[in-house]
Amino acid sequence: MRQQAVIQAMGGGLLGTLLQTIMVYGVVPMMAGQSMDMAAMLEYPCALSMLTHVLSGSVISPLGYMFLPSQYFSGPPVLKGMLWAMLLWCVAEGILAPMLGAGVFSTEFGGLPAATRALLGYLVYGATLGGLVSAAASQGRCALRAL
């Protein structure tokens with residue numbers, strides 16, 4: 001794996017995390033009429049929660065996407081990213097949310113409707129990540145052909 005592709009994947013993860021955060025804090029509250037800020041609802045320090053969110057979204061998840069499942073998913077790159085995001089969402093809602101006190105699929109915060117709103121943010125993240133990782137890979141292939 002080329003270093004440039006890893007850097008671009010992390011950049012895609014950072015952009016995806018930014019867009020996911022905008023969805024969670026901006027778009028979804030306008031649609032649903034309630035905030036999805038789990039850190040504030042569970043009374044965790046917001047700065048630490050946001051730092052963890054940004055680090056996992058811009059470093060850990062893109063590296064996982066590049067090295068684990070992206071070659072196993074079929075379909076266009078955006079769909080691959082969205083499938084990866086759905087996998088992350090399942091882990092977040094099935095394992096992490098109960099550990100944080102929100103219950104399986106956020107039952108403490110509205111159940112399936114709240115989990116579905118979170119899924120929207122994850123899908124935006126995955127589409128962004130998949131599209132940008134694919135663009136980085138195709139640029140690398142074009143550069144190799146030019147040599």
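Mind checking whether some residue in the stretch 120-138 is over 27 Å from Q4 (Cα atoms) and modelled with pLDDT of 80 or more?
yes
Do we have any residue at all in the stretch 81-94 that's assigned to a helix (DSSP H, G or I), open to solvent by less than 70 Å² (accessible area, probe 1.4 Å) and in contact with a Pro (Cβ under 8 Å, 6 or more places away or on another chain)? Let's see the steps before the verdict.
At the first step, the residues of the stretch 81-94 found to be assigned to a helix (DSSP H, G or I) are 81-94.
In the following step, the residues that additionally are open to solvent by less than 70 Å² (accessible area, probe 1.4 Å) were identified as 81-85, 88-94.
Restricting the remaining residues to those that are in contact with a Pro (Cβ under 8 Å, 6 or more places away or on another chain) gives 83-84.
Yes.
Could we say that L48 is at pLDDT 75 or above and part of a helix (DSSP H, G or I) here?
no
Quick one: in the stretch 103-118, of everything that is buried (at least 17 other Cβ atoms within 10 Å of the Cβ) and within 19 Å of the chain's Cα centre (by Cα), which residue is nearest to S58 (Cα to Cα)?
If we take residues in the stretch 103-118 being buried (at least 17 other Cβ atoms within 10 Å of the Cβ) and within 19 Å of the chain's Cα centre (by Cα), then A118 is nearest to S58 (Cα to Cα).
Give the number of residues within the stretch 64-80 that are surrounded by fewer than 21 Cβ atoms within 10 Å (Cβ to Cβ) and under 12 Å from the mean Cα position of the chain (by Cα).
The qualifying residues number 1.
The values are calculated or read from the model by the stated rules, or taken from the named source; none is laboratory data. Treat the numbers as computed from the prediction; the structure is a model and nothing was measured. Please note: Cβ atoms are built from the backbone with ideal geometry, for glycine as well, and neighbour counts cover all protein chains shown. Just the protein is used for accessible areas: all its heavy atoms, side chains included, with ligands, DNA and RNA removed. Shrake-Rupley method; radii C 1.70, N 1.55, O 1.52, S 1.80 Å.
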